[in-house]
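Undergrad: The structure is given below, and queries will be raised subsequently.
Bear in mind that the values in this text are calculations on the coordinates, not laboratory data. Note that this is a predicted model, so its numbers are computed, not measured. Every residue, glycine among them, receives a Cβ derived from its backbone with ideal geometry; neighbour counts consider all protein chains shown.
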């Protein structure tokens, strides 16, 4: 059963894709319930879980539960988007927590400037127990599709989207895989659109062992495939110069994590993955090596700054997991 629509404020639909999410889903939903906004719609899309996720959510009378065969996060988000009735959409990852004023901050930024199709704020980092381990404080500014290509990519839980903008581009493309955030935001903003970072803290991003991937090598390849499809020859936003610049940027970014992945795979006896990571590092060593040296020098010297999710790929692919 859905929450009945209250009188004040635009309706905001919170869409939570969930796959084997029993460990965290109750806390995630409870954080959405505590949002200080009158008109909320809570939707959970169970993407073919084999645990008790559907049973846990099904017992909640204020949440719409949709169960589908496993098709991946992007397909689950599309299902939620199609079922949502709000004019604004917040895609909340199943293991993250919203802060009570998140929607208020988002809407204030969105409604002050009608030209924005997406906005996002700052976040905290938490561990599997919910303890705060860091903070990513972001300065207020607008951003473009070019900025997204070159590193401004928040986690979905940090963002609020205008529903009409999502529908205009046809929602998510499942084939983008782990680069779904990059693919969606670039297509949403295109060459002329603008988003806005309001900088207020809006969520807690959870770091834990069960997250989707910890392979910078795999993430780099998927990321490059998405960018080449959008910016390369015949792409929707074809721009060879920007594609070259993006490749250089992301080679430096991912390059600093590849040595630790190589070492980790060697320790685990996974020599095939160690070879892949090491070979990738060597293939653009002129960028990856200086980046890795600088990263580890700062880390060993205790001068590592807080990791900024908004300056990195999607939260599940930022350095805090990749390294």
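Undergrad: Taking R0 as 22 Å, what's the FRET efficiency between residue 38 and residue 62 from their Cβ-Cβ distance, rounded to 0.05?
TA: 0.95
Undergrad: Related question: So if I average 1/r over every pair of distinct C-alpha atoms in region 135-185 and take the inverse, what Kirkwood radius in Å does that give?
TA: Result for region 135-185, one decimal place: 12.3 Å.
Undergrad: Separate question: So what's Rg/Rh here for region 146-264, counting alpha carbon atoms and using the Kirkwood radius for Rh?
TA: The Rg/Rh ratio comes out at 0.96.
Undergrad: Please compute the contact order of the chain in relative form: average sequence separation of alpha-carbon pairs under 8 Å and at least six residues apart, divided by the residue count, as a percent.
TA: So the answer I get is 18 percent.
Undergrad: Quick one: compute a quarter of the convex hull surface over the Cα atoms of the chain and quote it in nm².
TA: If I average the Cα hull's projected area over directions, I get 16.4 nm².
Undergrad: Once both axes come from the Cα atoms, what is the angle between helix 102-112 and the longest principal axis of the chain, in degrees from 0 to 90, rounded to 10?
TA: Computed tilt is about 90 degrees.
Undergrad: Modelling each spin label as a point 7 Å along the Cα-to-Cβ direction, I'd like the residue 127/residue 50 distance in nm, to one decimal.
TA: Output for this residue pair reads 2.9 nm.
Undergrad: Return the Rg/Rh value of region 5-68, two decimal places, where both radii are evaluated on C-alpha atoms and Rh is the Kirkwood radius.
TA: 0.99
Undergrad: Take every DSSP beta bridge whose two residues both sit in the chain, then give the antiparallel share in percent to the nearest 5.
TA: Among the beta bridges of the chain, antiparallel pairing accounts for roughly 40 percent.
Undergrad: In addition: Send over the semi-axes of region 216-298's equivalent ellipsoid, whole angstrom and largest first, taken as the square roots of 5 times the C-alpha gyration tensor eigenvalues.
TA: Equivalent-ellipsoid dimensions as semi-axes: 26, 15, 8 Å.
Undergrad: I've got another one for you. With N residues in region 70-207, what two-decimal value do you get for its Cα radius of gyration over 2.2 N^0.38 Å?
TA: Working: Rg = 14.3 Å, N = 138, 2.2 N^0.38 = 14.3 Å.
Rg over 2.2 N^0.38 Å, computed on Cα atoms: 1.00.
Undergrad: Hey, another quick one. Of 171, 151, 229, which is the most mobile in a GNM of the chain whose springs link Cα atoms less than 10 angstrom apart?
TA: The residue with the greatest mean-square fluctuation here is 229.
Undergrad: Nearest 10 degrees, 0 to 90: what angle lies between the long axis of helix 285-300 and the longest principal axis of the chain (Cα atoms)?
TA: 70
Undergrad: Using only DSSP helix segments of four residues or longer, with each worth -39500 (n - 2.57), what per-residue ellipticity at 222 nm results for the chain after dividing by its residue count and rounding to 500?
TA: Only helices count here, giving -12000 deg cm²/dmol.
Undergrad: If you line up the long axis of helix 271-283 against the longest principal axis of the chain, both from Cα atoms, how many degrees apart are they, to the nearest 10?
TA: Here the helix axis deviates by roughly 70 degrees.
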